[in-house]
Structure formats: structure tokens, C-alpha cells
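The values are calculated or read from the model by the stated rules, or taken from the named source; none is laboratory data. Since this is a predicted model, take the numbers as computed values, not measurements. Neighbour counts are summed over all protein chains in view; Cβ atoms, including those assigned to glycine, are modelled from backbone coordinates with ideal geometry. Calculation scope for accessible area: heavy atoms of the full protein, side chains included, ligands and nucleic acids excluded. Shrake-Rupley method; radii C 1.70, N 1.55, O 1.52, S 1.80 Å.
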Amino acid sequence: MHTLEPIIAKLPFFEGLDPQYVELLAGCATNVVFKADTFLFREGDEAKQFFVIREGGISIEIFVPGQGHVTIQSVDEGDVVGWSWLFPPYRWMFTGRVIVPVRAIALDGECLRKKCEEDPRLGYEFFKRFS
């Protein structure tokens, strides 16, 4: 059986994280794949997770009346995308559109919030990385 722990431990965002926490995070993680011209998330939808991009690229877009969707950022290998799961009301503020096929690790926001509340040290470490 393959676990995500070795993959998570090698991602720059989690570099140096205590192995016990890598194990906890793996319990909230899923390996995901998205085809080009599909969406990781859409503005206004419920934000249930965040993504660490392992391969590929996405554009972060916002809807501008009279102009449609406008790209405000490009995200690619090694980048983390998605903060909306951290803050109520847990809704995406942007749209994430796949430009180049993406392989990523998706981490469940509710699972992570629970683990961080149960272990304040993990919570502090994790939120330092986001800030």
C-alpha cells in the first residue's frame, strides 16, 4: 500500500515539518489529477480544500463585470493554492482554472482545521506556513 507521506514530506511547503505531523496531514490528503481547461474551484463555491501543485499550472481568476474572468495570478509546480478554507464563510474568493494538466495533493480543510484545533502546536506550525 502506498501512502502520501513521502510525497508530502518532499513538497517545499511542508519542508522540515515534524514526521508525526506529515503523518497527520497525510490522513487529510488525496492525490488528484485535473485535465486542461477544467476547474479546481469556482468563485463563490464552498471552499473545502487547498492544493499543493506537483505538476502543471493553473490561473487564478476573478470575475469582473463587463470583462468576464480576468487572470490575476498564475500558479505552477510547488505552489500552494487556496486560502478560503481557512476563514469563514469558507467560500472561494477566486476561480482556479487548469491551464496545463495538473497533478496535485488536495488537503481537506475541515480535517485540517480539526487536527489543528486538537494540537495547537500543529496549528501554529501550519498557520505560520500560510502566513
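So for region 49-60 (the condition being hydroxyl-bearing (Ser, Thr, Tyr) and open to solvent by 50 Å² or more (accessible area, probe 1.4 Å)), does at least one residue qualify?
The answer is no; no qualifying residue exists.
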Original post:
Which of the residues belonging to region 116-128 are open to solvent by 50 Å² or more (accessible area, probe 1.4 Å) and under 19 Å from residue 47 (Cα atoms)?
Top reply: 117, 127
Original post:
So which residues in region 1-58 are within 16 Å of residue 98 (Cα to Cα), in a loop (DSSP other than H, G, I, E, B) and not aliphatic (A, V, I, L, M), if there are any at all?
Top reply: 35, 37, 38, 42, 43
Subject >> Matching residues, region 18-33, being open to solvent by 40 Å² or more (accessible area, probe 1.4 Å) and hydrophobic (A, V, I, L, M, F, W, C) >> reply: 24, 33
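With 50, 34 as the choices, which residue is in contact (Cβ under 8 Å) with a residue 40 or more places away in the chain and within 12 Å of the chain's Cα centre (by Cα)? Talk me through it step by step, then tell me what you get.
Values: 34 fails: within 12 Å of the chain's Cα centre (by Cα).
Step by step, each of 50, 34 is checked, and only 50 is in contact (Cβ under 8 Å) with a residue 40 or more places away in the chain and within 12 Å of the chain's Cα centre (by Cα).
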**OP:** Would you mind telling me which numbered condition in (1) of a type in the set (Gly, Ala, Ser); (2) open to solvent by 80 Å² or more (accessible area, probe 1.4 Å); (3) over 18 Å from residue 11 (Cα atoms) residue 131 fails?
**Re:** (3)
Original post:
If you check residue 60 against the conditions, is it over 28 Å from residue 125 (Cβ atoms) and β-branched (Val, Ile, Thr)?
Top reply: no
Original post:
Among the residues of region 62-109, how many are assigned to a loop (DSSP other than H, G, I, E, B) and closer than 21 Å to residue 44 by Cβ?
Top reply: 12
